[in-house]
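Report on the following structure.
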Amino acid sequence: MSGARPERAETEPAAAELAGGYAVLARCWRQPTADVVDAVTTELLEEVDPAVTEANIERLRTEHARLFVGPGDPPCPPYESVYRDDGDVLGPTTRAAVEWYRAYDLGLDPDWPDLPDHIATELEFAAHLLERGEVDACEQFLDEHLRQWTGEFLEAVRAETREPYYEALATATEAAISAEQR
């Protein structure tokens, strides 16, 4: 990570815009709140899917629990380790993500009760790297982590969801982290 070059002036606006996008996506992958519903109803996801113009917080919370939490084994666990470590939660890929966070003197938010390899946490970290101007480090993190597992995860979300919101969120996330963003 010490080899990251300084941000070039002509890419600053693009990096800042992408950082903001990653931060919004991270927020959307967490438990739905009233402010997320407000954002959806004020056209946040309209560019991705014009059909997503309304959302009901109770339906979104129910769908969030069904897809990502359980009861039982959820159909779409939002953790990198599930897809890359043969279902071994808190396995080697989780530890590798935590090493990235530590290298940038970041700890986990004590108010965030989930695992360090949750999609929201990894997207927040990518946003943090871009906000610092660490474009190369962000690309490396995306290549080593998010781009390694989210294809399978996002496809499962699209296949399993009963809410247009999560289908649109999966599509937006896939577009944001694709290698073509370079």
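For Thr33, Thr171, the sequence from fewest to most other C-beta atoms within 10 Å is Thr33, Thr171.
Only counting other Cβ atoms within 10 Å, I'd like Asp117, Asp85, Asp109 sorted with the fewest neighbours first.
Numbers: Asp117 26, Asp85 18, Asp109 10.
Least to most surrounded, the residues fall as Asp109, Asp85, Asp117.
Ranking request for peptides 101-107, 149-155: highest mean number of other beta-carbon atoms within 10 Å first, then the rest in descending order. Walk me through the intermediate numbers first.
Values: 101-107: 11.7, 149-155: 18.1.
Per-residue Cβ counts within 10 Å, averaged per peptide and sorted highest first, yield 149-155, 101-107.
Exposure proxy ranking for Ser178, Ser81, based on other Cβ atoms within 10 angstrom of each Cβ and starting from the fewest, stands as Ser178, Ser81.
Each reported figure results from applying straightforward, stated rules to the coordinates on display, with no laboratory input. Because the structure is predicted, anything quoted here is derived from the model rather than measured. We place every Cβ from the backbone using ideal geometry, glycine too, and count neighbours over all the protein chains shown.
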